[in-house]
Amino acid sequence: MSDGKERTGGSRYLYEPFEYASADMVQANERVNDERWRGLEYRLTQIELMLERLERRVWFTIFGVTAAVLSETVTGLLGGAGG
């Protein structure tokens, strides 16, 4: 406390200087935050597209395996009934 003021009690906020951001700094932070949000939304959109493609591939795989099992079953039944 080299400023010559004597502290007699109370909140420290009464004695410490209040620092504030200038309007330019606030606007710059808003622009940075807006750009970050745009980047985040872009990445989330890309992730959603990749998940949709992955889901489609999984369903095609499930249908393919099911079709193969059914065809083998039908082939086995027809082959056993004819012989």
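Could you give the dipole magnitude of the range 22-83 about its Cα centre, charging the beta-carbon of Lys and Arg +1 and that of Asp and Glu -1, in debye to the nearest 20?
The dipole of the range 22-83 has a size of about 240 debye.
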* **Rounded to the nearest 10 Å², the accessible area of THR73 at probe 1.4 Å** => 70 Å²
* Any idea how far apart LEU49 and THR73 come out in nm if each label point goes 7 Å out from Cα toward Cβ? -> 3.9 nm
* To do: Return the carbon/sulfur percentage of the accessible area of the range 20-83, one whole number, probe 1.4 Å, all protein chains in place.
  => 63 percent
* Would you check the accessible area of GLU30, probe 1.4 Å, heavy atoms only, in square angstrom rounded to 10? => 100 Å²
* Structure fact -> Reported to the nearest 10 Å², TRP59 has, with a 1.4 Å probe, an accessible area equal to 130 Å²
* Asked: How much length is gained if the chain between TRP59 and GLU35 is pulled fully straight, taking 0.36 nm per residue apart and subtracting their Cα-Cα distance, in nm to one decimal?
  -> 5.0 nm
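The values are calculated or read from the model by the stated rules, or taken from the named source; none is laboratory data. All values reported here derive from a predicted model rather than from experimental measurement. Methodologically, a virtual Cβ is constructed for each residue, glycine included, from the backbone with ideal geometry; neighbour enumeration extends over all protein chains shown. Side chains are part of the model used for accessible areas, which takes the heavy atoms of the whole protein and leaves out ligands, DNA and RNA. Shrake-Rupley method; radii C 1.70, N 1.55, O 1.52, S 1.80 Å.
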